[in-house]
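Quick notes on the structure that follows.
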Amino acid sequence: MNNANDCHELNPPESLIHRTQVFSLLTLDLGILLSWIAYNEYQPQLVTKLGNGFLVPQFLALQVSILVLTPPLAGYLTDQLLARGVGRLVAVNLGISLAAMLFMAVAFALSGFGSGLPAALLQCLVVLWLVAMNIFHAPALSMLELCAPRDLLSGVAALFTLLSGLVGALEPSVVPLINSLGAPATFAAGGLVLLMSGIWFIRSGQGLEQQQEKSHAVAPETSNFGWIAAMGLALGLGEALMNDLLPAWIARNGDLLSGLGPPGQSSLLYVLVALAALPSGAAGNRFKAERLARITGMTCLALGITAWCLPAGIARIALWLFPVPYSALAVVALPVAFAHLTPRHKVLGIGLLFSGVELAGGLIKITLAS
């Protein structure tokens, strides 16, 4: 009679978390975040090299199209592989290998040795790199569900929000290092980091998909793609508010903290995102993650509208508060998405979540560049 209880005491819920796989996925996510910082920093140089006929709004429209369409397409194809007994690591391996190789190719094209390459070739390399970077992200993060039981997943997902918040906060300090390295060395280093982190994740993730899911939650009969896309749009708008719209907000309402430029003030908001991540993960574990997602989503909407539309004094308070519900929504987005997806739509759904983020942020970037 007591065997089951004894077994549970010997194996507490925390022991069911695959820590090696989680940390290898965190390392891969760090490589992705740093790669995008490098790409965004050198994007103007890339646009210049693409030729006079390639304008910034046109390039951004192409980029946003790729970022919006590729994740769900890659997710759909990966789900088809899963239905045929092929694991997600095949798509992850393909995407990482292509992205790392194309990173090196872009580095060569930006170097003195590649200065004679035609603009059309560089256009192809950049487009292929954008596609490759979005082939593996959704399949890789969809494996997070296999790394922890459903009732602990919010706490594990909080680590990824903590990481993105810290990277966002440190970005102004990373950019000078990137500029000192120069474009060729930066892209070459990015390809190497992505490759090494990808190899670790692929090796540690082998055999993970063969294990049974640790949650006994019943899968839904149909996938709720609308709810997942809505969470992605909300996260994308929040990210755009703290990054792209912040300079206009400062120009209209004044500094959040005097003595800092917009990048530094954006960093402060991301510090708050990082600080709120772990408490949000604990709240998601203890309470229903979907309820927390609905509450924080509505709070983000209310604070965002307040920060953008109301007078400076109220707007400033709303913007200081905004990172906390944004962090909580980011923490529970993946666990809630998993709960709303059937087994045959797992990766497609995560791809739609990413697609919503990129659509919201991309439309704002295009509007600002026009």
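The values are calculated or read from the model by the stated rules, or taken from the named source; none is laboratory data. Keep in mind the model is a prediction, meaning the values are calculated, not measured. Every residue, glycine among them, receives a Cβ derived from its backbone with ideal geometry; neighbour counts consider all protein chains shown.
Looking at V64, V22, V86, just one residue is of a type outside the set (G, A, S) and modelled with pLDDT under 85, and that residue is V86.
For the stretch 302-310, the condition of being farther than 20 Å from I364 by Cα and at pLDDT 95 or above holds for none of the residues.
Conditions tested, residue by residue: (1) among the hydroxyl-bearing types (S, T, Y); (2) touching a residue at least 60 places away in the same chain (Cβ under 8 Å); (3) within 16 Å of T296 (Cβ to Cβ); (4) surrounded by fewer than 17 Cβ atoms within 10 Å (Cβ to Cβ).
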site	(1), (2), (3), (4)
A307	no, yes, yes, no
L310	no, no, no, yes
A328	no, no, yes, no
V332	no, yes, yes, no
V336	no, yes, yes, no
L353	no, yes, yes, no
T367	yes, no, no, yes
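Before we move on, is A251 in contact with a Leu (Cβ under 7 Å, 6 or more places away or on another chain), of a type in the set (A, V, I, L, M, F, W, C) and either surrounded by fewer than 21 Cβ atoms within 10 Å (Cβ to Cβ) or within 27 Å of K346 (Cα to Cα) (or both)? Answer is no for this residue. If you check S154 against the conditions, is it in a helix (DSSP H, G or I), surrounded by fewer than 19 Cβ atoms within 10 Å (Cβ to Cβ) and polar (S, T, N, Q)? No: the conditions fail for S154. A315 passes every criterion in (1) more than 21 Å from T161 (Cβ to Cβ); (2) in contact with a His (Cβ under 9 Å, 6 or more places away or on another chain) apart from (2). Taken as a whole, the structure leaves G198 outside the set of residues that are touching a Phe, Trp or Tyr at 6+ places or on another chain (Cβ under 7 Å), touching a residue at least 40 places away in the same chain (Cβ under 8 Å) and either within 26 Å of I37 (Cα to Cα) or surrounded by fewer than 22 Cβ atoms within 10 Å (Cβ to Cβ) (or both). Residues of the stretch 289-307 that are of a type outside the set (A, V, I, L, M) and closer than 15 Å to L334 by Cβ: E290, T296, G297. Can you confirm whether A138 is in contact with a Phe, Trp or Tyr (Cβ under 7 Å, 6 or more places away or on another chain) and within 17 Å of V336 (Cβ to Cβ)? Yes; evaluated as a whole, the condition is true for this residue. Being more than 22 Å from Q80 (Cβ to Cβ) and among the aliphatic types (A, V, I, L, M) holds for only one residue in L321, L348, L341, and it is L321. Of the residues screened, L256 is not one that is in a helix (DSSP H, G or I), in contact with a helix residue (DSSP H, G or I) (Cβ under 7 Å, 6 or more places away or on another chain), at pLDDT 85 or above and not hydroxyl-bearing (S, T, Y).
Evaluation of R150 against the conditions (1) at pLDDT below 90; (2) over 19 Å from N40 (Cβ atoms); (3) within 20 Å of the chain's Cα centre (by Cα) shows that the sole unmet condition is (3).
A count restricted to the stretch 205-224 and to residues that are at pLDDT 85 or above and surrounded by fewer than 18 Cβ atoms within 10 Å (Cβ to Cβ) stands at 2.
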